[in-house]
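Step one of this worksheet: look at the structure below.
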Amino acid sequence: MDDLKFGTRNKRGDFSPNGRLEGAPLFVWPPKPLKLISWIPSYFLPWNLLFLAFGAVLWFYATPAKETLAVYDWHWIAYLLIRNAAIVFVLYGALELRLYVKRAQGNRFKFNGLFPADRKSDVFWFGSQNLDNILRSFGTGVPIWTAYEVVMLHLWAIGWGPWTTFEAHPWALVLLGLAVPMIHETHFFCIHWLIHQGPLYKWVHSVHHNSVNPSPWSSLSMHPVEHLLYWSDVLIHLVLPSHPLLVLYHLQVTGTGAVVGHIGFDKIETGEDSGFKTQAYAHYLHHKYFEVNYSDGLMPFDRLFGTWHDGTKDGDAAMQARFAKKKARLNAKAGNTPN
Ligand SMILES: [Zn+2]
Ligand SMILES: [Zn+2]
């Protein structure tokens, strides 16, 4: 596929898609009904529907019975841990293998022309981004994800919380299911902005940002404190009437879904002349510029707070102006302003 029909490549080999990253037309004024209708399929495809399918398969075929979950026991806890690790290993591993190991589409559609494996860096454990990312993901990421899952399923099994059933409240559960990605992004925007502040960035979130040129393995490569915050959005199911199927779906959106922003390619080619958009660009720009796109544009917060980078030259100029203002403010605070 000729990626230059869809974007441009600079001297360093970095690909930028044409057009402007707009974010979802969900919370815009005045409303844009036609845009909204044409946007709806991208809310489900390819990702959220895939994560819903994962959640449903886990619930119907790969989650222990209620009686089992009612009593903490290391057998089923270990089973859930291995199950989650396997999902991450297979999905992230498949993307890594195809795009980064076999380099099946070279650097076509690749935002950063370089591949992380070609560069050693001291910021990573053993000087390797991949090894560092993998150890952090499986060392604390998947265990903390599983811990949330264990507690939530156990609380459902013992009837602690406002749980309901699809028979009793079908529409309430469907609405909650539809809102899960929005709940996730609202929560993520808040905690993500928070850990970009002062010492929290230095001690916690900088670990994730070491991967300036992310790959799928970077998705869950975080400090354990970030892991704890990251999955806490699932606690909403102890506040709103819910069902464990939605908990599993939600954990898929948050856990497995972290990969979306870290694919590093704008399109994944599926044939000579076909491919699908990854929706990874907004978060790639976050890894590149740090203080932009705290969320991916589904919710309006970045646009409201002026931190949205739409991937264009105008977006760049707005970001530079904001950074210059911030620098001036910090200099003034430190008493460095020229007289
Ligand atoms: Zn990231
Ligand atoms: Zn960040």
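The values are calculated or read from the model by the stated rules, or taken from the named source; none is laboratory data. From a predicted model like this one, the values you see are computed outputs, not experimental measurements. Cβ atoms come from the backbone with ideal geometry, glycine included; neighbour counts cover every protein chain shown. For accessibility, only protein heavy atoms count, side chains too; no ligands or nucleic acids. Shrake-Rupley method; radii C 1.70, N 1.55, O 1.52, S 1.80 Å.
Report whether or not Gln279 is part of a loop (DSSP other than H, G, I, E, B) and touching a Gly at 6+ places or on another chain (Cβ under 9 Å).
Working: part of a loop (DSSP other than H, G, I, E, B): yes; touching a Gly at 6+ places or on another chain (Cβ under 9 Å): yes.
Yes: the conditions hold for Gln279.
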Given (1) assigned to a loop (DSSP other than H, G, I, E, B); (2) surrounded by fewer than 19 Cβ atoms within 10 Å (Cβ to Cβ), index of the condition Lys288 fails: (1)
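Among the residues of the range 122-140, count how many are in contact with an Asp or Glu (Cβ under 9 Å, 6 or more places away or on another chain) and either farther than 21 Å from Ser221 by Cα or in contact (Cβ under 8 Å) with a residue 24 or more places away in the chain (or both).
Of the residues in the range 122-140, the ones in contact with an Asp or Glu (Cβ under 9 Å, 6 or more places away or on another chain) are 123-126, 130.
If we keep only those that are either farther than 21 Å from Ser221 by Cα or in contact (Cβ under 8 Å) with a residue 24 or more places away in the chain (or both) too, we end up with 123-124, 130.
Looking only at that region, the number is 3.
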Close pairs (7 angstrom Cβ cut-off, 6 or more residues apart or separate chains): in contact (Cβ under 8 Å) with a residue 40 or more places away in the chain in the range 207-234, assigned to a loop (DSSP other than H, G, I, E, B) and open to solvent by 10 Å² or more (accessible area, probe 1.4 Å) anywhere: Val207/His223; His209/Phe290; Asn210/Val123; Asn210/Phe124; Asn213/Asn112; Asn213/Leu114
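Out of everything in the range 301-336 that is part of a helix (DSSP H, G or I) and among the acidic types (Asp, Glu), what residue ends up being least open to solvent (accessible area, probe 1.4 Å)? If you could, list the steps in order and put the result at the bottom.
Filtering the range 301-336 for residues part of a helix (DSSP H, G or I) gives 301-305, 313-333.
Remaining after also requiring among the acidic types (Asp, Glu): 302, 314, 316.
On the way: Asp302: 2, Asp314: 100, Asp316: 51 Å².
Looking at the filtered set, the residue picked out is Asp302.
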Residue within the range 34-43 that is in contact with a helix residue (DSSP H, G or I) (Cβ under 9 Å, 6 or more places away or on another chain) and either open to solvent by 60 Å² or more (accessible area, probe 1.4 Å) or in a helix (DSSP H, G or I) (or both) present: yes
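Pick out, from the range 146-243, the helices (runs of 4 or more DSSP H) lying fully within it that include 1 or more residues that are open to solvent by 20 Å² or more (accessible area, probe 1.4 Å), more than 30 Å from Asp118 (Cα to Cα) and of a type in the set (Phe, Trp, Tyr).
Helices (runs of 4 or more DSSP H) meeting the threshold: 170-194.
Scan the range 82-139 residue by residue and report those that are at positive phi, open to solvent by 20 Å² or more (accessible area, probe 1.4 Å) and among the small types (Gly, Ala, Ser). Give the derivation first.
First, pick out the residues of the range 82-139 that are at positive phi: 103, 106, 109, 126-127.
If we keep only those that are open to solvent by 20 Å² or more (accessible area, probe 1.4 Å) too, we end up with 103, 106, 126.
Scanning the range 82-139 gives a single hit, Gly106.
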Hits in the range 286-304 (condition: in contact (Cβ under 8 Å) with a residue 40 or more places away in the chain and within 16 Å of ligand 1 (Cβ to nearest atom)): His287, Lys288, Phe290, Glu291, Tyr294, Ser295, Asp296, Gly297, Leu298, Asp302
